[in-house]
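See below for the structure under consideration.
Nothing in this text is a laboratory measurement; each read-out follows from the coordinates by a stated rule. Every value quoted in this text rests on a predicted model; they were computed, and no experiment measured them. Please note: Cβ atoms are built from the backbone with ideal geometry, for glycine as well, and neighbour counts cover all protein chains shown.
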């Protein structure tokens, strides 16, 4: 029986959750799904320039887990770019980091990104 997946902390859900090649109707495209934790790891490591250890601290997971998340995300992104696929962002077992002191504890979102708070 596989281990349950740890909850990963992320900052916010992305504003844009679909990307596709221009000029190709969605019905003609294959799709790659990136999870919210994969996008957060890419944001922290590649866009913010943090080291994997720093990403792990922010996401509350181990450094090897960050390495696996990044490898998965980068593979999916490469597949979409090289093979002209659409990318959809949703799902993952995540909790949103608390922003302001005194506010309620982080909001949870599990599964395929449907339902719950955002």
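For residue 93 and residue 30 in the same chain, what is the full-extension length gain: residue separation times 0.36 nm, less their Cα-Cα distance, in nm?
Numbers: separation 63, 0.36 × 63 = 22.68 nm, distance 2.41 nm.
The span from residue 93 to residue 30 would gain 20.3 nm if fully extended.
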Inset, instruction - Give the percent of DSSP beta bridges with both residues in the range 8-109 that are antiparallel, rounded to the nearest 5. - result: 35 percent
Inset, instruction - Quickly work out the residue 11-to-residue 57 label distance, labels modelled 7 Å from Cα along the C-beta direction, and quote it in nm with one decimal. - result: 1.6 nm
Inset, instruction - Could you give log10 I(q)/I(0) at q = 0.10 Å⁻¹ for the range 8-109, computed by the Debye formula over C-alpha point scatterers of equal weight, without solvent? - result: -0.31
